[in-house]
Amino acid sequence: MTSILKTPGEAGNLSFISGVVKINGYALRDYQYFCDVFSGKIVDSSAVKLKSIVVHELTHLMDLATTNWGVEYTLRKVNMYESRGLEDFRSKFEVFMLNQSEIVSHNYVSSRVAGRSVKDYTTLKHGLTNHEDYGPIIVIIYYCGSEEICRVPLSMLSLLEAHATAEEYLAKSTGFGNSEDGFISLRLMKTEYSELINDDSSLEYSLLLNIVNTHFKELFEFEEELRFISALSRFSLDVSGFSLSGISKYYVKRFQNREVGADLCMDMCRGMSRQVIFFLTTLHIYEYLDVCSDVESNILKNLLKSEPFKAIVYFYEVILGISQDQGLNDYEFSLGLKFMPDHGALPDKKFFTSIANKNRVILNDNCLSDIYDELHYPRITLEDGTEVEVGRVIEGEHNQFVVDNKYIYTEIEKIYMSSRHVKFYPVPGTGLEFFKKNGLSL
Ligand SMILES: [Zn+2]
């Protein structure tokens, strides 16, 4: 149905504007096969692969429907659409673009030196820059020795894809382990994962996977690494604006490039650039483990390996002294849903509320792949429009609404395509002043 505002990927996608998950390469003829795979009747390697693709796309859906980032994205999209033809439409569009530009910035900012491949990288470094269209951003630079190979922006897309890819491989890993013919598949899957994180054409998928792998390959077993990536993704996407401000104030003093670092942290104080939390948390945990005592190190390492969701909160709250309150995360999330219109042109409030009510609490401290059967999902769509159930079902007419009202989604895409894809941001260099006025000595 939609073609532009969606996740990338050939096997399937999630439309950010309709919330519909589509799986490609399957049609009505495969209906019974889906029933057999998702009811557990077929448990071979092909079934595990199909389930892992579905898990990838459902992770995108849960990020959109059950996190503070997702509810903000949808609320801003709804506000923008409801204000079409009104005086404040332009400002509503620009606010929606705060979120959407962080996804698309990946496509506009990546660059690679011709003839070089990320396979050759020996070091990763990062730099800060004030980009003309996207404001303050972090760019990761892959080096082979002293020679630059490529630059990849730390975008929201890289966070969303890291989360979905980690869950996809976790579903494969646990699934192959339980399947009838999974032993060889398990080995091949680990090779495939290594290839993915060194693939030039998949840098949006691999950037944060690479960052974690580079820093923690000594610490984590394969599945532990995936669970840590998933937990940190969820934390970054769902942490309340209040906590985000506290975290930003902590990091603002730690950038070498003080000026752009302060601009970036100011952006985080308005709830943006959540992907930076993932990146800084990884680096900072790594540095902490290097300098803390053996006792402290063992406590955190054990938590990271066994309970990564708790470990991240423990790191911020107990070690860094930055308060983390799940109640505040929940409160902000409920406000986002509350502010959506009950009877607007889009049925998003009803659709996303039904998904969040069933799943949000469980996902707050579990990987989707580990509790797949406990969650509830709307029906997903195959390539020819056939709807299939992929677990416990959330009943509703949402998919039919999207089919019957195609013009709404086409209109949103037309609005989007007719405007520049940029993010508005404060004047570069004003971040330092902002934090000084808020009582920080920088
Ligand atoms: Zn994806």
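What the table below lists for this structure:
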{"read-out": "Inverse mean reciprocal Cα-Cα distance (Kirkwood Rh) of the stretch 263-401, Å", "value": "18.4"}
{"read-out": "Mean separation of Cα contacts under 8 Å (6+ apart) over length of the chain, as relative contact order %", "value": "23"}
{"read-out": "Convex hull per residue volume in Å³, alpha carbons only, for the stretch 162-235", "value": "86"}
{"read-out": "Top of LEU320, LEU170, LEU303 by mean-square fluctuation, Gaussian network on the chain, Cα under 10 Å", "value": "LEU320"}
{"read-out": "Tensor-based shape of the stretch 145-186 (alpha-carbon gyration tensor, a/c under 1.5 rounded, otherwise prolate or oblate)", "value": "oblate"}
{"read-out": "Choice from THR214, THR353, THR282 showing the highest fluctuation, given a GNM over the chain with Cα pairs closer than 10 Å", "value": "THR214"}
{"read-out": "Where the Cα pairs of the stretch 12-437 fall when distances are cut into 20 Å bins, in %", "value": "25, 60, 15, 0"}
{"read-out": "Range in the chain, longest, excluding exposed trypsin sites (Lys or Arg not before Pro) [loop by DSSP; at most 14 other beta-carbon atoms within 10 Å]", "value": "271-419"}
{"read-out": "Lys, Arg +1 and Asp, Glu -1 on Cβ, resulting dipole of the chain about Cα centre, debye, nearest 20", "value": "960"}
{"read-out": "Partner aspartates and glutamates for LYS253 [C-alpha distance under 14 Å; skip if fewer than 8 residues away on the same chain]", "value": "ASP263, GLU433"}
{"read-out": "Dipole of the stretch 170-267, positive direction: furthest Cα of TYR251, ALA171, PHE216, with charges on the beta-carbon", "value": "TYR251"}
{"read-out": "At most 16 other Cβ within 10 Å, DSSP loop - chymotrypsin sites (Phe, Trp or Tyr not before Pro), the stretch 37-125", "value": "none"}
{"read-out": "Viscosity 0.692 mPa s, temperature 37 °C, Stokes-Einstein D of the stretch 1-99 from Kirkwood C-alpha radius, µm²/s", "value": "213"}
{"read-out": "DSSP beta bridges in the chain [antiparallel fraction, %, rounded to 5]", "value": "85"}
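Values in this text are rule-based calculations from the coordinates and carry no lab data. Since this is a predicted model, take the numbers as computed values, not measurements. Positions of Cβ are generated from backbone atoms using ideal geometry, with glycine treated the same way; all protein chains shown enter the neighbour counts.
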